[in-house]
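Chemist: Have a look at this one.
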Amino acid sequence: MDFQGFQNELPPIVLLVLIFLLLGISFLSYRNQANIPIPIRYLLMGLRALSFILVLLLFLNPFFFNSKVVEKKPRIFFLLDNSESMGISKGEYDGLNSYRATISQLGVQSFETADIDYFTLGAKTTQIADPDSISALESETNFINAINQLQELEDDYDAAVIISDGIITFGRNPSIQVAESTIPIYTISLGDSNSVKDVTINNVISNPTGYTDSRHVVEVELSQTGYPGETTTVSIYNQQNEILGEEEITFRAYEEVRSIEFQIPLDEAGLQQFNIYTEPLEEEWTEENNTNLFSIDVLDSKTNILHVAFEIHPDVKTVRSILQEDETVELTTLTWLNGTRFIETLSTDNIDFDLVIYHGHPNRILNVQLLQSLESLPGVYFQLPGSRRSQNPFLSNSLIRNTGTQVFPLMINPSVGNTDHPIMELPEINFNTIANISTSLRTVLFEADAIPLYTGNFQGMETPNPLIAVLERGNLRQVDVAAWGLYKLYQSPNEEEREYITQLISNMVIWASNDPDNRRLKVSPSKSLYNVSDRCPDRQIVCLA
């Protein structure tokens, strides 16, 4: 360590004056101490003067310099593409042989002037001990994930080298992250840049969930290079290898991307697998990308409904007719005779219904196990003139109590708007001209959290009496209709009235039978990577992932 001098701006004359001043202070502080022997007194004066001078020297900020040569090897982050495209032979590029030859020519394994850590570039970035372990078998190339990991380790590395063909198959383009890197990143590109004649199924866009007895839309994205004016056939097969649809397409340009739409029928419930196949063309580079497998989870779209009628009334036939015309409904009927007897038979061991519709209410003497087993299911309750639900303890959970003894003709009147409840999404109708229905003028909403959808209009005067109310509690939904005579609307010569009552009953059934599990809508892009050629349907802008 070598002394280099003082860092101060005081003139030398000032420093000299300060030194004499400190010497004088030291002398004066012991001059009158006669009780101390003279030698000791002078020694104390010298020590004090020395301490003052040392403090002054520290204030003058002396500095020293010491140097030591340390040799440190740079540490390099070596990223090797391990995706399948690196192992494909094309033109002068001989797959893994050319890949490993390039690494060997670099001589990185024999570097003595640098420390190198090897990582694979694929779906994940994994550290490896030796570059010879590259297999080129990973199905994805996620550059953004690798660059993000490099940025987290920038303090540990001095540079990065990437060997790849540059094909991104998953994630965003990492160019922005690379530009923000604090260490230099070098790239070595491999592969053959010459284009080849090839037809490829790039992507299959399909909802992963479908429903039986419906047609499912499947969009196929096809790209080709080198076949202008050529025609190929694109087919879709089910897992029994039956053709569900095919279409011939003629390519218009040397290089283009085409989109084809299929509508396939879904007949059976369960996980169904399908195959998209493109007929290979002459001199096509590879046929491995002419096939694409995908699956659809097909759900049973039919709603199993039990309709129990405790009276013979035209409304019963009306509701059953509407439901029987609906292909998505599997209807089972029970019609009460007397005592515990029904016209139809139903085993209590095999009850698997989504909804139970009650027409009228059972007599007090009807106390069967069937009613107990059905009470835990969603229900739609229609009142009829000859029965009351409160007469039987098994079906006493009514939303609307009809306590009046006299029956009056009323006109239904919506008490909420078309957008306030799903049941109310109905066609427009003139309520002043529709047929009257029947009920008493003493209907009371029995449940505080029930929502009245319709009230009655008696002789042109609106009444507060609820006629149709709904309730959603937990995972059960319930609809109450405290009036009868709906068949008049169904048999009306006015088509609008028939359409209205049909839609109203269908909406009640659909709403009540659906499980209110409050599932959230999940929005996700149809594919993980977009090209510049991918444009939004209605605007000339590029759709970004």
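The values are calculated or read from the model by the stated rules, or taken from the named source; none is laboratory data. Quick caveat, the model's predicted, so the values are computed rather than measured. Every residue, glycine as well, gets a Cβ built from its backbone with ideal geometry; the counts of neighbours run over all protein chains shown.
Chemist: Would you mention how many residues in the range 64-96 are under 48 Å from the mean Cα position of the chain (by Cα) and β-branched (Val, Ile, Thr)?
Modeler: Total meeting the criteria: 2.
Chemist: Filter the range 398-413 down to residues that are crowded, with 18+ Cβ neighbours inside 10 Å and under 43 Å from the mean Cα position of the chain (by Cα) and give me whichever is modelled with the highest pLDDT.
Modeler: For the range 398-413, the residue satisfying everything is ILE412.
Chemist: Right, here's the next one. On the given criteria, is PHE111 farther than 20 Å from GLU288 by Cβ, buried (at least 16 other Cβ atoms within 10 Å of the Cβ) and either of a type in the set (Phe, Trp, Tyr) or without any contact (Cβ under 8 Å) to a residue 40 or more places away in the chain (or both)?
Modeler: no
Chemist: Moving on. Determine which single condition GLU375 fails, assuming it passes every other condition in (1) at pLDDT below 80; (2) more than 23 Å from ASN475 (Cβ to Cβ); (3) surrounded by fewer than 18 Cβ atoms within 10 Å (Cβ to Cβ).
Modeler: (2)
Chemist: Specify the residue that is surrounded by the most Cβ atoms within 10 Å (Cβ to Cβ); the eligible residues are those in the range 29-39 that are part of a helix (DSSP H, G or I) and touching a helix residue (DSSP H, G or I) at 6+ places or on another chain (Cβ under 9 Å).
Modeler: TYR30
Chemist: So THR182 fits all but one of (1) more than 21 Å from ASP81 (Cβ to Cβ); (2) buried (at least 16 other Cβ atoms within 10 Å of the Cβ); (3) among the polar types (S, T, N, Q); what number is the exception?
Modeler: It is condition (2) that THR182 fails.
Chemist: Next question. Give me the residue from the range 171-185 that is β-branched (Val, Ile, Thr) and closer than 22 Å to PRO74 by Cβ and, out of that set, nearest to the chain's Cα centre (by Cα).
Modeler: Once the filter is applied, the top-ranked residue is VAL178.
Chemist: Only strands (runs of 3 or more DSSP E) wholly contained in the range 436-545 count here; list those with 3 or more residues that are surrounded by 14 or more Cβ atoms within 10 Å (Cβ to Cβ), at pLDDT 90 or above and in the same structural domain as PHE408 (by TED's automatic domain parsing).
Modeler: Counting at least 3 such residues, we get 451-458, 461-473, 476-481.
Chemist: Could you check the range 283-312 and list, in sequence order, the residues that are within 28 Å of SER195 (Cα to Cα), modelled with pLDDT of 90 or more and of a type outside the set (A, V, I, L, M)?
Modeler: If the condition is that a residue be within 28 Å of SER195 (Cα to Cα), modelled with pLDDT of 90 or more and of a type outside the set (A, V, I, L, M), then ASN290, THR291, ASN292 are the ones that fit.
Chemist: A follow-up question, please. Exactly one of (1) outside any strand (DSSP E or B); (2) more than 29 Å from the chain's Cα centre (by Cα); (3) β-branched (Val, Ile, Thr) is unmet by ILE162. Its number?
Modeler: In the conditions (1) outside any strand (DSSP E or B); (2) more than 29 Å from the chain's Cα centre (by Cα); (3) β-branched (Val, Ile, Thr), ILE162 misses (1) alone.
Chemist: Please count how many residues of the range 46-85 are outside any helix (DSSP H, G or I) and closer than 30 Å to VAL161 by Cβ.
Modeler: Result for the range 46-85: 15.
Chemist: Going through the range 270-311 one residue at a time, which ones are of a type in the set (Val, Ile, Thr) and surrounded by 14 or more Cβ atoms within 10 Å (Cβ to Cβ)?
Modeler: Selection gives ILE276, THR278, ILE296, VAL298, THR303, ILE305, VAL308.
Chemist: Report yes if LEU43 is at pLDDT below 80 and part of a helix (DSSP H, G or I), otherwise no.
Modeler: In short, no.
Chemist: I'd like the full set of residues that are among the aromatic types (Phe, Trp, Tyr) and exposed (fewer than 12 other Cβ atoms within 10 Å of the Cβ), limited to the range 60-80.
Modeler: Matches in the range 60-80: PHE63, PHE64, PHE65.
Chemist: Let me ask something additional. Return the pairs, sorted by first residue and then second, in which the second residue is of a type in the set (Lys, Arg), the first residue lies in the range 417-440 and is closer than 19 Å to ASN465 by Cα, the beta carbons are less than 8 Å apart, and the residues are 6+ apart or on different chains.
Modeler: Sorted first by the residue in the range 417-440, then by its partner, the pairs are ALA435/LYS488; ASN436/LYS488; ILE437/LYS488.
Chemist: With respect to THR141, is the statement that it is among the β-branched types (Val, Ile, Thr) and at pLDDT below 85 true?
Modeler: Answer is yes for this residue.
Chemist: A further question on this structure: Please tell me if PHE342 is touching a strand residue (DSSP E or B) at 6+ places or on another chain (Cβ under 9 Å) and within 26 Å of SER206 (Cα to Cα).
Modeler: So PHE342 fails the test.
Chemist: Residue check: is LEU346 in a loop (DSSP other than H, G, I, E, B), closer than 25 Å to TYR454 by Cβ, at pLDDT 70 or above and in the same structural domain as GLY485 (by TED's automatic domain parsing)?
Modeler: no
Chemist: Within the range 87-105, is there a residue that is among the acidic types (Asp, Glu) and free of Cβ contacts under 8 Å to residues at least 40 places away in the same chain?
Modeler: yes
Chemist: Being closer than 30 Å to ALA114 by Cβ, small (Gly, Ala, Ser), assigned by TED's automatic domain parsing to the domain that holds ILE168 and out of contact with any Lys or Arg (no Cβ under 7 Å at 6 or more places or on another chain) is the requirement here; does SER85 meet it?
Modeler: Yes: the conditions hold for SER85.
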